[in-house]
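The values are calculated or read from the model by the stated rules, or taken from the named source; none is laboratory data. Being a predicted model, the structure only gives us computed values, none of them experimental. Reconstructed Cβ throughout: ideal geometry from the backbone, glycine too, with neighbour counts over all protein chains shown.
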Amino acid sequence: MATIAKRFTFREQSQTSATPTASFRLSTTWVAVEEQRPLDDLPRENVWPEPTDFIDVLFVAKNEADRWEKWLAAPDHPEAVPSITATVENQTIHWRPGRAIIVGKPNAQGDALAALLEFAFYEGRFRELEAALESRHAGAAVDVEHAYRIKNRELEQKFGESIESLYSLRLVFVKIEPHLSRTPRRLSVTSRRLMARLLRRADLEGRLEDFNTLLETCEDLYEGGSDRIADYRWYRNGHRLEVGIIVLLVMEVVLMTLELISRYREGGGE
């Protein structure tokens, strides 16, 4: 069996007319579009950050897998993850973000490819969420002081925008999380077993839990800060209202006193 290289690009269905190899559902329908590539065109360097919009896949025989081990090595970056392996019967998937090797007989690689594309698409979308939340969390660390010490009115807009951003992440997360928590029934039994192993090797259960915890922490921070800003604004506006009411009452007392004095003088004159 000759080694074959293919690139599968993930696109929204509305943005391509190509026949899809697989389809995925989030808020819109996404598809994986296949493109066969010469082996010499495969990227050799290990890039960072790792891609989420495509995956390069090698289909190799068992006796050829070792020679591609270096191609699957992780980039030299502290946050890069090592490759993982999932094997079911005579099919094996070696994966790292953006690259994969499917080892097995040609007539049995369809199940492995179906599992790989399902896993790679949703894992890639989740990595995008993780990066976005990490960026937001870095800003939250600075905003902790502002959340408990009201200094200016600009914070209200900033906190409001932060809450909107976090809720946007939450909406995407609730769409992705089910696809990374269990295997879809539409896949074959073999594909589901392979994907289950990929999910477990990539520690998706722990990553999903950590993401949810961090997202809740940021949400609580900005929601609490917004509530305190609203309370402070109400206090200041309420204080002004109370002062206004007191002034009106004093004026009313003065007018009533003047009226009584006037009546008293008129009665004394009689």
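Mind listing whichever residues of the range 92-140 are surrounded by fewer than 21 Cβ atoms within 10 Å (Cβ to Cβ) and of a type in the set (S, T, Y)?
T92, S135, listed by residue number.
I'm checking my understanding of the structure. Among residues of the range 87-143 that are outside any helix (DSSP H, G or I) and touching a residue at least 60 places away in the same chain (Cβ under 8 Å), which one is farthest from A196 (Cα to Cα)? Show your work before the answer.
The initial filter retains those residues of the range 87-143 that are outside any helix (DSSP H, G or I), namely 87-105.
Still in the list and also touching a residue at least 60 places away in the same chain (Cβ under 8 Å): 87-89, 91, 93, 95, 105.
Working: T87: 10, V88: 10, E89: 14, Q91: 14, I93: 12, W95: 14, K105: 21 Å.
Taking the candidates together, the pick is K105.
Here is a yes/no grid of residues against (1) of a type in the set (V, I, T); (2) buried (at least 18 other Cβ atoms within 10 Å of the Cβ):
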{"position": "I4", "(1), (2)": "yes, no"}
{"position": "A22", "(1), (2)": "no, yes"}
{"position": "P43", "(1), (2)": "no, no"}
{"position": "L58", "(1), (2)": "no, yes"}
{"position": "A61", "(1), (2)": "no, no"}
{"position": "L72", "(1), (2)": "no, yes"}
{"position": "V88", "(1), (2)": "yes, yes"}
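Kindly establish whether R185 is in a loop (DSSP other than H, G, I, E, B) and modelled with pLDDT of 90 or more.
For R185, the condition - in a loop (DSSP other than H, G, I, E, B) and modelled with pLDDT of 90 or more - is met.
Within the range 240-254, can one find any residue that is at pLDDT 85 or above, surrounded by 11 or more Cβ atoms within 10 Å (Cβ to Cβ) and over 24 Å from the mean Cα position of the chain (by Cα)?
No - not one qualifying residue is present in the range 240-254.
Give the residues of the range 41-62 that are in a loop (DSSP other than H, G, I, E, B) and of a type in the set (D, E, K, R), sorted by residue number.
R44, E45, E50, D53
Scan the range 24-41 residue by residue and report those that are loosely packed, with under 13 Cβ neighbours inside 10 Å, in contact with a strand residue (DSSP E or B) (Cβ under 7 Å, 6 or more places away or on another chain) and within 30 Å of P78 (Cα to Cα).
L39
Can you find, within the range 63-81, the residue that is farthest from R197 (Cα to Cα) among those that are touching a strand residue (DSSP E or B) at 6+ places or on another chain (Cβ under 7 Å) and part of a loop (DSSP other than H, G, I, E, B)?
The qualifying residue farthest from R197 (Cα to Cα) is A74.
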